Amino acid sequence: MNINIFLLITLFLIQRSHGVIYELNDTEYDKMPPMFHLEPYGPCVHEPGGVYCTVELKLVSDGPSELMTMIEEYSLRREMHLNHSRLHRGVCVTRTCKDYLSQNTSADIHLVLEGCLNDTFWKQYKLKSKLSTEVLCNDLDNKMDIDYGDIAVAVICLAILMLNIIGSLYDFMFVPNKESKGNKLLMCFSIRRNWKKLVARPADGPDPRLRRLKGFNGLRTISIIIVIMEHSLLPFIISANDSHELERKYYNIIYHILIDGALVVQTFFVMSGCLLSYNLQLYAEKRDINWTMIPKGILQRWFRLTPSYAVVLAITTTWLRFAGSGPLWQSAVGVEVKDCRRDGWLNLIYLNNYIDESQCMPQTWYIAADMQLYIAGLIILTLATSVISRKIVLSVLFVVGLIIPACHTYIQNLDAGLIISPELVRDYFVKDRTFNHTYKRGHTNIASYILGISLGMLIYYLQKNEFSVEKYKKFKLIYWATLPVMLILLPSGSFFYFFQNNPSLYLKAIYSGVARPIFGSIIVLIILGMAFKLENVYRGILEWNGWATPARISYSAYILHVLFVRSLTGSRTTLIHVSVAYVVLFTLGTVIITYLVSYPYWLLVEAPSVSLSKIIFSLGAKEKSKAEAEVRKSERIPA
């Protein structure tokens, strides 16, 4: 008995000597001030002169305080815990702080709130508070004015709508024959024609060999849904009514399958690289590849991605700020609007993933990184035309892709992977050094893209040589193991959450270098087995025809979904309950809302812009063909 007591005392002293508290019971936890608190919003802003403000504050203590010490030591467990010295409050200033308003003749809302909240925390907890950010206030008297930018975006959106109406009427009234092409420009905006494209069954395309990549529809759709569900967890982090329950979820390894889903994005890099190299090899069968393809390919890619992207960006910078209100609206939505007005131009040239601490459509870091890797891949495949040179260049770049993230992690002492801690999500990722330096950069994701390029080359080579998979079907069990391995690998980063001491820098560097390429390699194996019909279980699921339509709108869903997550979060007037049932309900609801809006967005914006870009570049190709024909004709005329 004495030995047990001695061990308990020793463990307690060791824990205290490290200055970190790893767990608190409910009684001790409830001694700390609530992380989030929102006073009633509606009654405040609807009363005459009512002003409601949200503010972030920092708890401090002038002298020794057991409570402050506990708060600081518990908050040091940053991987699992929120920072309990950094609180968020929604305050009805005209009710809660009316005494301070009458005392402060200058009507400085910052001074009023600081004095009011400081007095409250001293009375309840014998602690003081300081405002750590700007005060964000809502009141019905201060209306936002519509500016010239709002008007310009409204005119553009109205013009797009009118073009779709005109194009649809033209198609319906003047092009009754389904085989008739009609006016190409107007037909780009025909909703009827675009709907047929949207719901069409997967076709062989210009080359029947592309049929073997049909499973990309399933991979793309499933991955997009996972990404949307992950981002839908935002309100549970920044406005939880029971922060202790939220933190407990981090100690359950099952929840880390969803929390640590950041590796899923590597699926897109693999598919993108694969499609680039595969299509380029098909193109090379009919035409010569030369350096002139580089600027043309970049422009085609830019015109394919940018119009749809630009419309969402324009709406975000203008009309989104009028779309709702609530105690969290300014912090969830207003900040993004402000940053997009400042940094939005960087999104349109796909450099936003190299700008830190900007909340302008932060999910689009992937689009920028993919664009950068696409340009690099196009240059490599265009200039290195022989098989040997491509193998050498790709091998070197793959090794470099392993080393770069590891070097970043080691030199800058970063986390092994993206530790999706409560505080990281609370800051919308933008302040995290690991997110900024190793996760979202183009050059730190090159390994998976190189795997994709190599995969495209391999599939093309094997098809060309009529590869038979029959003798490899005995390895089906190993192939089926790829999904369980993937589910194990996804939460593997949680290993670093549970370290009670800082893990070895070498271990973090190694994991940072190999985790994403290993996940990308699993995707490569799944695609290979699907392309050559190794088995019919995974292939049957991924090649289901029902994936085709949601896969076509996946780009629209990706650029739109965070807009809904932020708007739903900002519109809340109460804290959100943390439970498995409510998390599932909210995340699935966000997925459904995103896709319901993505369908009309694809029909009205994305499909017409893609069709227009094809017309523009086909005209250029026709002019080039005519010029070449004239040259050949002149060469046949004797001098």
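Compare the Cα positions of 259, 226, 240 along the charge dipole of the chain (+1 at Cβ of Lys, Arg; -1 at Cβ of Asp, Glu; about the Cα centre) and return the one farthest towards the positive end.
Farthest towards the positive end: 226.
Just check the chain against the gyration tensor rule for me: Cα atoms, a ≥ b ≥ c as the square roots of the eigenvalues, rounded for a/c under 1.5, and otherwise prolate or oblate depending on whether a/b exceeds b/c.
oblate
So if we plug the beta-carbon distance of residue 411 and residue 615 into 1/(1 + (r/R0)^6) with R0 = 41 Å, what FRET efficiency do we get, rounded to 0.05?
0.25
Just to be sure I understand the model, the point goes 7 Å from the Cα along the line to the Cβ. What's the resulting residue 163 to residue 287 distance in nm?
2.4 nm
So for the range 21-138: antiparallel DSSP bridges make up what percent, rounded to the nearest 5?
If we restrict to bridges inside the range 21-138, about 80 percent are antiparallel.
Taking Cα atoms, how many degrees apart are the long axis of helix 66-75 and the longest axis of the chain, rounded to 10 and kept between 0 and 90?
10 degrees
Show the residues, 5+ positions off or on another chain, whose built amide H is closer than 5 Å to the amide H of residue 77.
Under 5 Å from the amide H of residue 77 lie the amide H atoms of 21, each far enough along the sequence or on another chain.
What value, in deg cm²/dmol to 500, does the helix sum -39500 (n - 2.57) over DSSP H runs of n ≥ 4 give at 222 nm once divided by the residues of the chain?
One gets -19000 deg cm²/dmol as the mean residue ellipticity at 222 nm.
So what are the ³J(HN,Hα) numbers for the range 228-240, from phi and the Karplus equation (6.51, -1.76, 1.60; θ = phi - 60°), rounded to whole Hz, Gly and Pro as x?
Once rounded to whole Hz, the list reads 4, 5, 4, 5, 6, 6, 3, x, 6, 8, 9, 8, 7.
State the Cα centre-to-centre distance between the range 369-424 and the range 288-304 in whole Å.
Each part's Cα centre sits 22 Å from the other's.
Taking 0.36 nm per intervening residue step and subtracting the Cα-Cα distance, what contour gain separates residue 252 from residue 144 on full extension?
Fully extending the segment from residue 252 to residue 144 adds 34.4 nm.
Want the number for residue 488 to residue 174: 0.36 nm per residue separation, take away the alpha-carbon distance, what's left?
107.3 nm
Can you work out ³J(HN,Hα) from phi for every residue in the range 248-254, in order, using Karplus 6.51 cos²θ - 1.76 cosθ + 1.60 and θ = phi - 60°, giving whole Hz and x for Gly and Pro?
3J(HN,Hα) across the range 248-254, in whole Hz: 5, 4, 5, 8, 9, 4, 4.
Efficiency by 1/(1 + (r/R0)^6): what FRET value for residue 462 and residue 389, r their Cβ-Cβ distance, R0 = 22 Å, to the nearest 0.05?
Between residue 462 and residue 389 the formula returns 0.60.
Work out from phi, with θ = phi - 60° and the Karplus expression 6.51 cos²θ - 1.76 cosθ + 1.60, the ³J(HN,Hα) of each residue of the range 527-541, listed in order in whole Hz, and give x for Gly and Pro.
Coupling constants for the range 527-541: 5, 4, x, 5, 5, 10, 6, 5, 8, 10, 7, 4, 4, x, 5 Hz.
Calculate how steeply helix 293-317 sits against the longest principal axis of the alpha-carbon atoms of the chain, using the helix alpha-carbon long axis, and give the answer as 0 to 90 degrees to the nearest 10.
So the inclination is approximately 40 degrees.
Give me, ordered by chain and number, the residues 5 or more places off residue 131 or on other chains with an amide H under 5 Å from its own placed amide H.
Amide H to amide H, under 5 Å and 5 or more residues apart or across chains, residue 131 pairs with 58.
Read-outs throughout are calculated quantities, based only on the coordinates presented, and are distinct from any laboratory measurement. Note that the coordinates shown come from a computational prediction; the quantities given were computed from them, not determined experimentally. Note: ideal-geometry Cβ built from the backbone for every residue, glycine included; neighbour counts use all protein chains shown.
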